[in-house]
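**Q** Here it is, the structure in full.
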Amino acid sequence: MAAIVTPLWAFLGAVAAPLLAIGPGAFIAAVVAIVILTVLVVVVLLGARLGPVGTAVAWLGTLLRAFFGGVWRLIVFAALLVRAAVEWVGRRTGPLTAGALGFVAGVLAVVLVLQGGPLVRVGLGWALSSPCDQPLELRVLTSAENVAALRAAGRRYADESADLRGCPRVRFSVAPQPPLATMSQAANKEWNDPASWNSSTYRALIAVHPDIWIPSSAATEEYLRQAFANLGQVTFDRMAPVATSALLVAFTPALEARLGTRSPPTNLSGMRDWLESVGAPLARPRADLSEIGLIASAGLYGADTSKDIPDEMAYTPPNLPLSDAASLLCHARDRFDTAREPLAMIVPEHLVYAVNKHQDLGACAPGRQTAGLSWHRLDGLPTLSYRYVRLKWADQWNDARERAAIDFHDWLAQDKLAPYGYRDSAGVSDRKEPMPLGRELDSGQADSVEPATVEPARLIDRLGKAHPETSFLLLVDASGSMGNPTTGGTALQRAGSGARTLLRRLRDGRDTVRLATFSDSGGIGEILATGTAQVAGRLEALVVHGRDAPLGDVLAQAAPLLADTPNPVVVMLTDGAHQAGDLDRTVAALRKVKGLRVRLLLTGEQRCDVDHIDRLVKAAGAAVKCAPISRAEATTPYQDQVDEVDKELTELWRERP
């Protein structure tokens, strides 16, 4: 209050005499005007929300903040200068001009006092032509579905909060979060997960502590809060949600054409029956990999667990990238005009909006397709509520980071994600175009995922049991040719990266894994490690030695190691070698192990159709399959590798004995 009264007093003291000389009416009109403008300034600077008017005022405030500032202690001195200037002008031009000058000075005085000192600092820096300070970096972690929108919003915020020279005060690094189970495990390892992918992005995420986490529900936020409760190094400070987005069913144009003029069923059983009748799958991201997929499952699964296995198979169809909703929609969008693929997908509303508006999805560049997705309701699907959580790490948090994190939250909460298809925190959309779910979500659509109704730990365990217990033998080629460069590093580095991707997909307590290497010096060496953590640690230390070993001979040695294990699988990561070996011996060894399956994953430049690999695969029949995870034409080799490994694991699950 004192900050407002002081400049008002300065204003009245400076202009009272000339305005009264004009008349009492002019004096009263000026006072009323300055009070109204003062209220407006308060609304601007405090970011109050008043509907459309408040949105416009808040936008004006972001501009004013970059241009006005000062130190309130200078106000008294400034008031004396204003009064002297007004009196001098009044003696030469008359009371009307003097009153106008004093009025403008009073408004500026109010703005200066309320805003504080940035203008003084900026003005001096500009005058001295000093270089920009290093901006504060805020590290943001969120689901892959939000990455593109939050990166764009972060750039906007940095631009709007920059000083007069355009120097940003803050910058953002926004990255997709690992699966929830992985984040929980990382909590027990002080966030330093030895199974991190061989990628600078993910290595930084696990090793560098995020400042802000934007989960998609209160339930998943509470799940991770409990995981970190015993760590003692981080405090979770939950703030109000910054946006919402409804889960719905999106139809590709090919599927919408089959629907015709009819309305699709809105209940789950009816939707599944209709989709089956037209030969279209209903896909959602995998619940073990995607936070969105896990939340969607809360609306798809009832109390009866007897149908979990067929249900999981139905919701995770083969040959689709299901690590997250953005990758799934990229796949669908790329095929709108080619394969005419009839597909229904459970995805967030804002991503469907992004597809139809040709926006960046994060997993792929903005699209240029002529057709778009249609949106349909499905009863029981919850609404995603994007919480804003400050993760205060004991050795990294400070006052500057605190202020920056709070300011960014307050800015986002002003419906700043609306341009990217999100609703506000109350579930209201201000977009002009018609919305399939309406402008406001009704009570049936606005159900949020709370800890009291959904327990992610139990749901993760339940859906994990829908996948079989599997025994993996991980074979990594250590021959000298694995040191040759290929897409994304050497063939051995690609092998290690693919192996770590596989490790993250295994289920603790249900899957087992052992690691061995092979080369011509004796074929398979001893088992180097057993268990996820131990295998991950040994992968970091692998080096090349020896020459290529015949692949078939290596498999003949490996098969007996999996005898009498449940659901045995050999995963061989190699650049392809150059010999098949004794194929009769190989086939005989593979047949002795009941249900044995082999995945030959190529990490070099060779292809699966080269002669020695083709002969091996044909001789072994369905037991051996080959797939490349390193392709020269791949534009994003890391994501390409992850998609290939996920695809192979999904097929293994669906092919289980």
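**Q** Which of the lysines could a cross-linker span from Lys357 if the Cα-Cα distance has to be under 23 Å and same-chain partners fewer than 8 positions apart are dropped?
**A** Reachable lysines: Lys416, Lys432.
**Q** If the reach is capped at under 27 angstrom between alpha carbons, list the lysines near Lys465, excluding any in the same chain fewer than eight residues apart.
**A** Lys189, Lys307, Lys594, Lys625, Lys647
**Q** Taking Cα pairs under 8 Å and at least six residues apart, what relative contact order does the range 462-578 come out at, in percent? It would help to have the intermediate numbers written out before the result.
**A** Values: 193 pairs, mean separation 46.6, N = 117.
RCO, the range 462-578: 40 percent.
**Q** Now for a separate question. Report, by chain and number, residues whose modeled amide H sits under 5 Å from the one on Gly546, excluding near sequence neighbours (fewer than 5 apart, same chain).
**A** Gly480
**Q** I've got another one for you. In sequence order, what are the phi-derived ³J(HN,Hα) couplings for the range 224-229 according to the Karplus relation 6.51 cos²θ - 1.76 cosθ + 1.60 with θ = phi - 60°, rounded to whole Hz, with x for glycine and proline?
**A** Computed from phi, the couplings for the range 224-229 are 6, 4, 5, 5, 8, 4 Hz.
**Q** Taking amide H positions as placed in the peptide plane 1.01 Å from N, state which residues far from Val570 in sequence (5 or more) or on other chains have amide H under 5 Å from it.
**A** Excluding prolines and chain starts, which carry no amide H, the hits are Leu473, Arg597, Val598, Arg599.
**Q** Residue by residue through the range 257-262, which ³J(HN,Hα) values in whole Hz follow from phi under the Karplus form 6.51 cos²θ - 1.76 cosθ + 1.60 (θ = phi - 60°), with glycine and proline marked x?
**A** Those phi angles translate into 5, 6, 5, x, 8, 6 Hz.
**Q** Kindly give Rg over Rh for the range 467-654, based on alpha-carbon atoms, with the Kirkwood expression for the hydrodynamic radius. Provide the component values of the computation, followed by the final result.
**A** Numbers: Rg = 14.9 Å, Rh = 16.2 Å.
Using only Cα positions, Rg/Rh for the range 467-654 is 0.92.
**Q** Hey, what's the Cα Rg ratio for the range 248-384 versus the globular rule of thumb, 2.2 N^0.38 Å?
**A** Values: Rg = 14.1 Å, N = 137, 2.2 N^0.38 = 14.3 Å.
So the Cα radius of gyration is 0.99 times the expected 2.2 N^0.38 Å.
**Q** Here is a follow-up. Would you kindly derive the ³J(HN,Hα) couplings of the range 536-547 from the backbone phi angles with the Karplus curve 6.51 cos²θ - 1.76 cosθ + 1.60 (θ = phi - 60°), listing them in order in whole Hz, with x for Gly and Pro?
**A** Calculated HN-Hα couplings, in order: 4, x, 6, 4, 5, 9, 5, 10, 8, 6, x, 10 Hz.
**Q** Relative contact order (percent) for the range 467-654, with alpha-carbon contacts under 8 angstrom and 6 or more residues of separation?
**A** Details: 372 pairs, mean separation 46.3, N = 188.
Taking the mean separation of contacting Cα pairs over the length of the range 467-654, I get 25 percent.
**Q** Oh, and also: Taking Cα centroids, how far is the range 255-325 from the range 544-610 in Å?
**A** Spelled out, the Cα-based centre of one part sits 35 Å from the other.
**Q** Given the convex hull of the Cα atoms of the range 240-302, what is a quarter of its surface area in nm²?
**A** Details: hull surface 24.0 nm².
Computing the convex hull of the Cα atoms and averaging its projections yields 6.0 nm².
**Q** Okay, moving on. Whose amide H sits under 5 Å from the amide H of Glu137, counting only residues 5 or more places off or on another chain, with H placed in the peptide plane?
**A** Amide H neighbours of Glu137, under 5 Å, 5+ apart: Arg171.
Read-outs: derived from the displayed coordinates by stated rules, not from any lab. Note that this is a predicted model, so its numbers are computed, not measured.
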